[in-house]
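Reviewing the structure listed below.
The values are calculated or read from the model by the stated rules, or taken from the named source; none is laboratory data. The model shown is predicted, which means the values in this text are computed figures rather than measured ones. No Cβ is skipped: glycine too gets one built from the backbone with ideal geometry, and neighbour counts run over all protein chains shown. What goes into the accessible areas is simple: the full protein's heavy atoms, side chains included, and nothing from ligands, DNA or RNA. Shrake-Rupley method; radii C 1.70, N 1.55, O 1.52, S 1.80 Å.
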Amino acid sequence: MEILPLDAGLAEPIGARPYEVRHAASLEVAHGEGEAHAYVIQFEPGGEIGPHEAGFAQIFLAVEGSGWAAGADGARVALPQGHAAFFRRGEIHSKGSEGGMTAFMLQVRDLDPAR
């Protein structure tokens, strides 16, 4: 067993991308074969990761605070604490928070939601 530190102070600002990112920082906590990655993402109030294509399927879970997620049409859907958005690989999407949020994101090349 290993305990992973997820303190917000360990997250690093999300750097330059071909899309706009404001007031958001991330901490990669795990990666694996099959191109799997896990992140903790901190959104300051007004933080946003602008529209971009999902390189992997993603589960995006609001752990603390609340935010929003949007698809290609840009229509924001509320993402309350404890709820998750699922983005398919190749899907255009964006995400953010008006009041601040901590989110956990799991990215895997091939992933389908369990229902």
*Scanning for something over 18 Å from MET101 (Cβ atoms) and at pLDDT below 95, does segment 40-51 turn up at least one residue?*
no
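From ALA24, ALA38, grab the single residue that is of a type in the set (Gly, Ala, Ser), within 12 Å of PHE104 (Cβ to Cβ) and surrounded by 10 or more Cβ atoms within 10 Å (Cβ to Cβ).
Numbers: ALA24 fails: within 12 Å of PHE104 (Cβ to Cβ).
Of the residues listed, the single one that is of a type in the set (Gly, Ala, Ser), within 12 Å of PHE104 (Cβ to Cβ) and surrounded by 10 or more Cβ atoms within 10 Å (Cβ to Cβ) is ALA38.
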_Can you find a residue that is over 20 Å from HIS23 (Cβ atoms), surrounded by 13 or more Cβ atoms within 10 Å (Cβ to Cβ) and out of contact with any His (no Cβ under 6 Å at 6 or more places or on another chain) anywhere in segment 60-81?_
no
*Test set (1) assigned to a loop (DSSP other than H, G, I, E, B); (2) over 14 Å from the mean Cα position of the chain (by Cα) - GLY9 fails condition number*: (1)
_Can you tell me which of (1) open to solvent by 40 Å² or more (accessible area, probe 1.4 Å); (2) more than 20 Å from GLY90 (Cα to Cα); (3) in contact (Cβ under 8 Å) with a residue 60 or more places away in the chain is the one PHE43 doesn't meet?_
(1)
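Just to be sure, is GLU2 acidic (Asp, Glu), at pLDDT below 90 and not in a strand (DSSP E or B)?
Values: acidic (Asp, Glu): yes; at pLDDT below 90: yes; not in a strand (DSSP E or B): yes.
It is true that GLU2 is acidic (Asp, Glu), at pLDDT below 90 and not in a strand (DSSP E or B).
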*Scan segment 1-15 for residues that are free of Cβ contacts under 8 Å to residues at least 24 places away in the same chain and open to solvent by less than 80 Å² (accessible area, probe 1.4 Å) and jot them down.*
GLY9, GLY15
*Do any residues in segment 65-83 that are among the aromatic types (Phe, Trp, Tyr) have Cβ atoms under 8 Å from those of residues that are in a strand (DSSP E or B) and open to solvent by 60 Å² or more (accessible area, probe 1.4 Å), where the two are at least six apart or on different chains, and which pairs are they?*
TRP68/ARG76; TRP68/VAL77; TRP68/ALA78
*Somewhere in segment 99-106, is a residue closer than 20 Å to ALA11 by Cβ and exposed (fewer than 13 other Cβ atoms within 10 Å of the Cβ)?*
yes
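Does PRO18 fit the bill of being open to solvent by 30 Å² or more (accessible area, probe 1.4 Å), more than 13 Å from the chain's Cα centre (by Cα) and closer than 26 Å to PRO5 by Cα?
On the way: open to solvent by 30 Å² or more (accessible area, probe 1.4 Å): yes; more than 13 Å from the chain's Cα centre (by Cα): yes; closer than 26 Å to PRO5 by Cα: no.
Criteria not met by PRO18.
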